[in-house]
Amino acid sequence: MTQSPTVDTAETTEGGRTAEAAAAPVGGPPVIRTQGLTKRFAGGQLAVDGLDLTVPRGSVFGFLGPNGSGKTTTIRMLMGLIAPTSGVATVLGAPMPQSVGRVLPRVGALIEGPALYGFLSGRDNLIRYDSADPTADPGTRKQRVAQALDRVGLAAAAGKKARAYSLGMKQRLGLAAALLQPRELLVLDEPTNGLDPQGMREIRALVREVAAEGTTVFLSSHLLDEIEQVCTHAAVMSKGRLVVQGTVAELAARAQGRLVVRTADTEAALAVLTEHQVTDLRVGEGQVDGESTALSEDALPRLCAALVEAGVRVRGFGVERGTLEDAFVALTGEGFDVAG
Ligand SMILES: Nc1ncnc2c1ncn2[C@@H]1O[C@H](COP(=O)(O)OP(=O)(O)OP(=O)(O)O)[C@@H](O)[C@H]1O
Ligand SMILES: [Mg+2]
């Protein structure tokens, strides 16, 4: 499939720009706010449990959690597709689901498995979708559809029947539908689902682009590094409950860094580090790492010298920042596994 020029251009910025730099300034009343938001399904399943969420205007907000942690259920409540069992949700300042008619025209949304007409082309699906939107200007429809297809890299496949689209192409088409008009808020449920690594990079670049235009983006993901790469803020869910929310920088800072020594001589390195009272030591493939918070500034050069003196062939040495996954494990005491 030929990539559109827009997506190609955006692609070159991947890694070169931080999420913070790309996002519009954060401020004003929150774009999404929930208080005690709870959903218990008819079968008794408590999918979302007392959620208090605050999504600042201008943020790229990552809604992170393992499979089954309640992300889609929350998003469906925010979009007024299902009613909460208790608690309240406001979107763009108005209560949901009571204000769907007023709120939804200002929101672009992609929710799990976008509904498509298989017998229509990608382009005709978007034309049909846009025609059903009373706020959409028919005069600019063709042009807006073409632009949206171009932005998601579907320009070349626009004439193909949607039933012949791959999972990733369907996902792109759903994203194009959310981008047909400029919106104040974009809600994307697992936008990179079904995409290959290149496609994921394109979508991340697109999210940054949309954020830089001033749209607040709320996206769910179970991929921690994806959230770290694209989001300014994040909330972490586990089994229907909010574990933590804040800026991505704050959350990652909660994950303690580790002292990492890269070497083939792991046994010798382990002995030296043990001798120097480094705790919580772990031996891995070609590396030994340990707790770094108790180490003073001048302990590091001394440790490095001791390793070299002991004949350890040091290939790499330093304190490496913890990941969001480390923070998640530290906060919940659990691995990032599927909720029960
Ligand atoms: N319609 C429903 N009826 C009963 N239980 C449901 C329904 N929809 C979701 N659930 C349950 O609610 C919990 C949360 O599901 P949800 O789809 O919100 O998770 P998720 O975080 O979006 O997961 P994933 O990452 O797999 O998309 C799960 O235990 C799921 O089985
Ligand atoms: Mg989901």
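The values are calculated or read from the model by the stated rules, or taken from the named source; none is laboratory data. No experiment lies behind these values; they were computed from the predicted model shown. Note: ideal-geometry Cβ built from the backbone for every residue, glycine included; neighbour counts use all protein chains shown. When the accessible area is computed, the model is the full protein with side chains, heavy atoms only, and any ligands, DNA or RNA have been set aside. Shrake-Rupley method; radii C 1.70, N 1.55, O 1.52, S 1.80 Å.
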Tell me yes or no: at least one residue of the range 156-171 is hydrophobic (A, V, I, L, M, F, W, C), assigned by TED's automatic domain parsing to the domain that holds GLU209 and under 19 Å from ARG204 (Cα atoms). yes
Within the range 183-203, can you find the residues that are closer than 24 Å to ARG76 by Cβ and either outside the structural domain of LEU78 (by TED's automatic domain parsing) or not hydrophobic (A, V, I, L, M, F, W, C) (or both)? ARG183, GLU184, ASP189, GLU190, PRO191, THR192, ASN193, GLY194
With respect to THR34, is the statement that it is surrounded by 24 or more Cβ atoms within 10 Å (Cβ to Cβ) and away from ligand 1 (no atom under 12 Å from the Cβ) true? yes
Those residues that are open to solvent by 60 Å² or more (accessible area, probe 1.4 Å) and hydrophobic (A, V, I, L, M, F, W, C), I need them from the range 271-309; list them, please. VAL283, ALA294, VAL308
Checked the range 123-140 for anything open to solvent by less than 40 Å² (accessible area, probe 1.4 Å) and at pLDDT 95 or above; matches are ASN125, LEU126
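State yes or no: is VAL91 open to solvent by less than 10 Å² (accessible area, probe 1.4 Å) and either more than 13 Å from ligand 2 (Cβ to nearest atom) or over 29 Å from ALA212 (Cβ atoms) (or both)? Give the steps one after another, and end with the answer.
Values: open to solvent by less than 10 Å² (accessible area, probe 1.4 Å): yes; either more than 13 Å from ligand 2 (Cβ to nearest atom) or over 29 Å from ALA212 (Cβ atoms) (or both): yes.
Criteria met by VAL91.
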Among the residues of the range 168-209, which ones are open to solvent by less than 10 Å² (accessible area, probe 1.4 Å), over 13 Å from the mean Cα position of the chain (by Cα) and within 16 Å of ligand 1 (Cβ to nearest atom)? GLY174
Would you confirm whether or not the range 308-316 contains a residue that is part of a loop (DSSP other than H, G, I, E, B), of a type in the set (Lys, Arg), over 37 Å from the mean Cα position of the chain (by Cα) and modelled with pLDDT of 90 or more? yes
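Residues of the range 250-265 being polar (S, T, N, Q) and closer than 13 Å to GLY311 by Cβ, which ones?
At the first step, the residues of the range 250-265 found to be polar (S, T, N, Q) are 256, 263.
Selection gives THR263 alone.
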Would the range 151-167 turn up any residue that is under 18 Å from the mean Cα position of the chain (by Cα), within 16 Å of ligand 1 (Cβ to nearest atom) and open to solvent by 10 Å² or more (accessible area, probe 1.4 Å)? no
Checking PRO84 against (1) in contact with a Ser or Thr (Cβ under 8 Å, 6 or more places away or on another chain); (2) exposed (fewer than 15 other Cβ atoms within 10 Å of the Cβ); (3) part of a loop (DSSP other than H, G, I, E, B), the condition it does not meet: (2)
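Say we look at the range 37-81 and pick out the residues that are among the basic types (Lys, Arg) and within 16 Å of ligand 2 (Cβ to nearest atom); which of these is surrounded by the most Cβ atoms within 10 Å (Cβ to Cβ)?
Applying the first criterion (among the basic types (Lys, Arg)) to the range 37-81 yields 39-40, 57, 71, 76.
Next cut, within 16 Å of ligand 2 (Cβ to nearest atom) only: 39, 71, 76.
On the way: LYS39: 22, LYS71: 25, ARG76: 20.
Result: LYS71.
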Would you pick out the residues in the range 164-202 that are within 25 Å of THR135 (Cβ to Cβ), without any contact (Cβ under 8 Å) to a residue 40 or more places away in the chain and assigned to a helix (DSSP H, G or I)? ARG172
Within the range 102-112, does at least one residue satisfy the condition of being away from ligand 2 (no atom under 16 Å from the Cβ) and free of Cβ contacts under 8 Å to residues at least 24 places away in the same chain? yes
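Test LEU206 against the criterion of being touching a Leu at 6+ places or on another chain (Cβ under 6 Å), in the same structural domain as LEU46 (by TED's automatic domain parsing) and under 30 Å from SER166 (Cα atoms), and give yes or no.
Values: touching a Leu at 6+ places or on another chain (Cβ under 6 Å): no; in the same structural domain as LEU46 (by TED's automatic domain parsing): yes; under 30 Å from SER166 (Cα atoms): yes.
No, not satisfied.
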Residues in the range 228-269 that are assigned to a strand (DSSP E or B) and under 19 Å from GLY70 (Cα atoms) total 12
